[in-house]
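These notes are about the structure you will find just below.
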Amino acid sequence: MWWLARSLWPLQLKAGYWDVLPALRDASRCAEEAGADGRTAGALHFQLAHCLGEMGRWEQAHRAARAAVTYERAAGHLRGEASAVELLGLLSLYRWSFDEVYERFTEAESLYRGIGVDEEGAADLPRALALVTRHQGRALRGLDRLDDSRRRLESAVDFFAGRTGAVPEPYNHARALTDLAETLHDAGDDTAALARITEAERLLPASATRHRAHLAGLRRRCEAS
């Protein structure tokens, strides 16, 4: 059952939250009761936390994410622990707890940087660091540290645009550009913010209706300013 629940991750990422939640609850409980290895239990609680967070069940999501951190740490799985700490930061971000958010993302970065060159997760480390840098930029915007936010978000934009040698990722490039546009708008630089919005719109497929609607609202705010 544990591996079946683990295999639901691709479906979960396609927003099948209600569909997978019962299976994830059952699998996580069984993993605890049957004494599954720490990495399996940690991964299942991570999936459960992600699912609950997308459904807005913040307190339940936090409990599951904290359990994931505990299991992954006990198993000595640094990559899994870093991902779970990062998820705790994201869950706090949605609650507007920016001090806690930044602390969690800083901790996640430290954990990622502790992964050795020959250890599991090393190959994906540049991308993981780019993602956590983007999230730090979001947290810093919430703390009104706009210059620091801009620098981190520009770094994330460069990575996902492929300017540092990585394979370009249009979706994450667009998300980083959107975050940067919001920071620029808060800083009063609406001309630069509008340029970043236009860049992001060009990268998004027509099916990205939710993101496009967010950009349209941000454009209206910038133009009104």
The lone condition Arg151 fails out of (1) among the charged types (D, E, K, R); (2) open to solvent by less than 50 Å² (accessible area, probe 1.4 Å); (3) within 17 Å of Thr183 (Cα to Cα) is (2)
Within the stretch 72-118, residues being of a type in the set (A, V, I, L, M) and surrounded by fewer than 16 Cβ atoms within 10 Å (Cβ to Cβ) number 2
Scan the stretch 180-192 and tell me whether some residue there is under 30 Å from Leu78 (Cβ atoms) and crowded, with 17+ Cβ neighbours inside 10 Å. yes
Exactly one of Ala36, Ala15 is at pLDDT below 80, under 20 Å from the mean Cα position of the chain (by Cα), farther than 18 Å from Leu131 by Cα and in a loop (DSSP other than H, G, I, E, B), and that one is Ala15
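The values are calculated or read from the model by the stated rules, or taken from the named source; none is laboratory data. If you're wondering where the values come from, they're calculated on a predicted model, not measured in any experiment. Positions of Cβ are backbone-derived with ideal geometry, glycine not excepted, and every protein chain shown enters the neighbour counts. Surface accessibility is based on the protein's heavy atoms, side chains included, excluding ligands, DNA and RNA. Shrake-Rupley method; radii C 1.70, N 1.55, O 1.52, S 1.80 Å.
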